[in-house]
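The values are calculated or read from the model by the stated rules, or taken from the named source; none is laboratory data. As the structure is a computational prediction, the values presented were derived from the model and not from experiment. Note that we place each Cβ from the backbone using ideal geometry, even for glycine, and neighbour counts take in every protein chain shown.
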2 protein chains.
Amino acid sequence: MEVQHARIKNGWFTEVSDAHFPGQGFSLRVEKVLHHSQSAFQDILVFKSTDFGNVLVLDGIVQCTERDEFAYQEMITHIPIYAHKNPKKVLVIGGGDGGVIREVVKHSCVESATLVEIDKTVIELSQRYLPEMSCSISDPKVNLQFCDGFQFLRNIGSSDLDAKYDVIITDSSDPDGPAEAFFQKEYFQLLNNALREDGIVIMQASENVWLNINYLGELIQTAKSVFSNTGYCYTTVPSYTSGQLGLIVCSNEKDLRLDVAHRLPTSEEQQKMKYYNPKIHHASFILPTWADRILNTRQA
Amino acid sequence: MEVQHARIKNGWFTEVSDAHFPGQGFSLRVEKVLHHSQSAFQDILVFKSTDFGNVLVLDGIVQCTERDEFAYQEMITHIPIYAHKNPKKVLVIGGGDGGVIREVVKHSCVESATLVEIDKTVIELSQRYLPEMSCSISDPKVNLQFCDGFQFLRNIGSSDLDAKYDVIITDSSDPDGPAEAFFQKEYFQLLNNALREDGIVIMQASENVWLNINYLGELIQTAKSVFSNTGYCYTTVPSYTSGQLGLIVCSNEKDLRLDVAHRLPTSEEQQKMKYYNPKIHHASFILPTWADRILNTRQA
């Protein structure tokens, strides 16, 4: 397929953003463009890179590469699921590529996993070009919903306990474009309403300590204004800006240690994991001094 | 100054290397080129970036930026110094930018710090363009030697105990060019000879778990063939490839926990540190599962 894309020059795709990470750029060499379209929601590019496998790009921002996607999928999934003592019902908002769902269904204790994705095109393209990520989308435990995550949460009645979740994972794109609302207080309130009493929420923060740490601090303050127990951790992903991505974890169980795996992976589960283990679960909450001062020691 | 450089195009400097990280590139926007020359040893470029402060580039590879240099300097310095119970005499090989020496002299227990740099130009340029890194080069504790680190070590007699060190830090550039010999077995043997019985050595590995992990594994095996106690840790640095850099730590005290700060920073010391703290000292040795399997569980 001969596709031109504004961000591909001389055979290299370059990610730049004056708004989010001014003055720096990350490039991947393109072997072949596999797909480019404008869906109802966003600009979607899929290319085969020479060294990172297939790459999914939404609105110019790398969402995942086949080479390092497991670092993100495993940490955003297994941290809340192992921090929870008995997770049975899981909700994933966004994440149409299927990577998070693939990790969720590895847990035998999880009975149902709902995937809410606004953009059907992302799921179709992932099934075609990211088969190792989308491989579990048709798992019998998985319930697929094509709708806006925000709307989906609004439809959960506050007294409808059966409709609530043990773990909710927000695997959205960044706050520009369709995912903007996922970084506002109302969203945290909707998550709170959709969560069982001892439930745990995790979201990708779209930031890390090396970028806009003040924005990150504000986002954590917003989370703290809704949840009584909030933590920050991160995962290392070379194809993301600064080589890492922050995750915000929240619960209303005040004394629950979010930085600890309260259940240990069975040997069968651990065998299936390339990144996560209980030690790195704990280590991922430990921050360099300057970041710790800004993110962990401010007043709630 | 109007300087053209092969790696600057349309106002952006781009770091690429088919040999070491094929298919990916990292770019920084250039505000102004401050210096470009070919010294007797290497191609030296210094530019002011729009968002990372001044940047030092040797042979096309970013050595440090003012924005994130502390992450590297602090971790490569404070990990061995706090893992050591009584460090008095420190040797730094390479590191003419002065960043490591600046960290070394923060320790009141350290009585002398020798800096061995082959390329005088690097020190001069750092004093001019990286004043916050080179600020301690004229500290009274510092003894500056302009020579090849390899030669310097060869001149230390095996029975000359007074000439040996408690901590040796190898702050070299990558194994291409003048630093190639720093990644060979003979170098580890020379380090071993220059070390006091309970001494600790640390070197930048020029690699990380996301790049050539097999080469990294071999380098660790080489270290293990010389030292009875070897560990791998890392620091996160956004301007380095993959956003992190590996560090190899070695000692001949078999039971010494290298991943533990055996002395705690005084509050005055901790006040001067932006990255290091005893918790991140320990956390930096904890690896994702696949990397842990390759680097930590192989036979010695």
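Here are some residues: A:23, A:53, A:99. Which one is away from every other protein chain (no Cβ under 14 Å) and modelled with pLDDT of 95 or more?
A:99
Pairs meeting the criteria (first residue in segment A:25-47 and not assigned by TED's automatic domain parsing to the domain that holds residue A:241 and acidic (Asp, Glu), second residue assigned to a strand (DSSP E or B) and surrounded by fewer than 17 Cβ atoms within 10 Å (Cβ to Cβ), beta carbons under 7 Å, at least 6 apart or on different chains) are A:31/A:48. Scanning segment A:204-216 finds one or more residues that are touching a Gly at 6+ places or on another chain (Cβ under 6 Å), within 15 Å of residue A:291 (Cα to Cα) and among the acidic types (Asp, Glu). Among the residues that make up segment A:93-105, is at least one of them in contact with a Lys or Arg (Cβ under 6 Å, 6 or more places away or on another chain) and either farther than 30 Å from residue A:212 by Cβ or among the aliphatic types (A, V, I, L, M) (or both)? Yes; the residues of segment A:93-105 include at least one that is in contact with a Lys or Arg (Cβ under 6 Å, 6 or more places away or on another chain) and either farther than 30 Å from residue A:212 by Cβ or among the aliphatic types (A, V, I, L, M) (or both). In segment A:7-22, the residues that are part of a strand (DSSP E or B) reach residues that are of a type in the set (Ser, Thr, Tyr) with C-beta atoms within less than 6 angstrom, at least six apart or across chains, in these pairs: A:12/A:27; A:14/A:27; A:21/A:241. Against the list (1) part of a strand (DSSP E or B); (2) within 17 Å of the chain's Cα centre (by Cα); (3) surrounded by fewer than 23 Cβ atoms within 10 Å (Cβ to Cβ); (4) of a type outside the set (A, V, I, L, M), the condition residue A:180 fails is (1).
Taking first residues from segment B:55-67 that are farther than 15 Å from residue B:42 by Cβ and partners that are of a type in the set (A, V, I, L, M, F, W, C) and part of a loop (DSSP other than H, G, I, E, B), the Cβ contacts under 8 Å between residues at least 6 apart in sequence or on separate chains come to B:65/B:52; B:66/B:52; B:66/B:130; B:67/B:52. Count of segment B:178-211 residues, restricted to those that are touching a residue at least 12 places away in the same chain (Cβ under 8 Å) and either closer than 29 Å to residue A:67 by Cα or not assigned by TED's automatic domain parsing to the domain that holds residue B:242 (or both), is 10.
Sort through B:101, B:156 and tell me the only one that's in the same structural domain as residue B:276 (by TED's automatic domain parsing), under 26 Å from residue B:48 (Cβ atoms), of a type in the set (Val, Ile, Thr) and in contact with a Leu (Cβ under 9 Å, 6 or more places away or on another chain). Write out each step before concluding.
On the way: B:156 fails: under 26 Å from residue B:48 (Cβ atoms).
Unique residue meeting the criteria: B:101.
The criterion of at least 2 residues that are within 21 Å of residue B:204 (Cβ to Cβ), facing chain A (nearest Cβ under 7 Å) and touching a Lys or Arg at 6+ places or on another chain (Cβ under 6 Å) is met by none of the helices (runs of 4 or more DSSP H) wholly inside segment B:227-300. With the condition kept exactly as written, say whether any residue in segment B:50-62 is within 22 Å of the chain's Cα centre (by Cα) and over 20 Å from residue B:241 (Cα atoms). No, segment B:50-62 contains no residue that is within 22 Å of the chain's Cα centre (by Cα) and over 20 Å from residue B:241 (Cα atoms).
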